[in-house]
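Let me begin by presenting the structure, written as structure tokens, before commenting on it.
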Amino acid sequence: MNQSSDKISNQSSLTPANIIKAYSIGIFPMADNHSDKNVFWIDPEKRGILPLECLHVSKSLRKTLRREHFHVTYNHNFDHIIKECARLSSTRSETWINQEIIEAYTDLHKMGYAHSVECWKKDKIVGGLYGISLGGAFFGESMFSRESNASKISLVHLVALLKDRGFVLLDTQFTTDHLEKMGVIEISRKTYHKKLQYALLKSASFCQKYSNQHMLEALLKE
């Protein structure tokens, strides 16, 4: 991230209203680290998106999905997911998710804007992700994995749900090698804003109690 061109302003506190407004115009909040109480707003020159029709599921991941060693739920434990995404570990020495972000997005979850995907192995959550939905756009915020492939499985299930529920844009904010292997591409700020405005005009819903097994099976056949 080029902070000189991506960072547009600083703000000491967050509210659900200003977060929703920010997403609707293409910007989002981050903190420099988990202990920093301040946040800044980001409008990246280059934006990561995952075209829903371009998800790439490797042969090995397809086998894992079909073996049913894992099962996936939605909005079952948002609090756990966002805190796990913020937790430091041997593979994550720092995070942009501070306590202010956790509290604000938890409020957004209670209001129906923020959602989580939980990946379970037996009775334990081993991976997942969370994000924001507005109109036909879903803004992926962060993901984590405590078991191999758990975050990838969460993403595949998310895409199946989004396709089934009428979403047209999956914003990943930035790109990584991990995401690019699954189909994420990078587009310009101008192109992203056009796609965002189109998506916001769409009507889509992220259901709490939902089974997308039929969509998942169709997706794996593509």
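Quick note: the coordinates plus some simple rules give every number you see, no bench work behind them. If you're wondering where the values come from, they're calculated on a predicted model, not measured in any experiment. Using ideal geometry, Cβ is built from the backbone for each residue, glycine included, and neighbour counts are taken over all protein chains shown.
Here are a few things to note about the model shown:
- The chain: angle of helix 99-110 to the longest principal axis, Cα-based, in degrees nearest 10: 60 degrees
- Residues listed by number, segment 151-185, amide nitrogen under 12 Å from residue 191 label point at 7 Å toward C-beta: 185
- Where a label projected 7 Å from the Cα of residue 67 along Cα→Cβ would reach, residues of segment 131-159 with amide N under 19 Å: 145-157
- The phi torsions of segment 59-75, fed into the Karplus equation with coefficients 6.51, -1.76 and 1.60 and a -60° offset, translate into couplings of 4, 5, 5, 4, 4, 4, 5, 7, 6, 6, 6, 10, 9, 10, 10, 10, 6 Hz, rounded to whole numbers, with Gly and Pro shown as x.
- For residue 181, the lysines whose Cα comes closer than 16 Å to its Cα, not counting residues fewer than 8 places off in the same chain, are 59, 152.
- Only Cα pairs under 8 Å and 6+ residues apart enter the sum, and on that basis the relative contact order of the chain stands at 25 percent.
- Ratio Rg/Rh, restricted to the chain and using Cα atoms, in which Rh is the Kirkwood radius: 0.94
- Whichever lysines have a C-alpha closer than 18 Å to that of residue 37, once near sequence neighbours (fewer than 8 apart) are set aside: 7, 83
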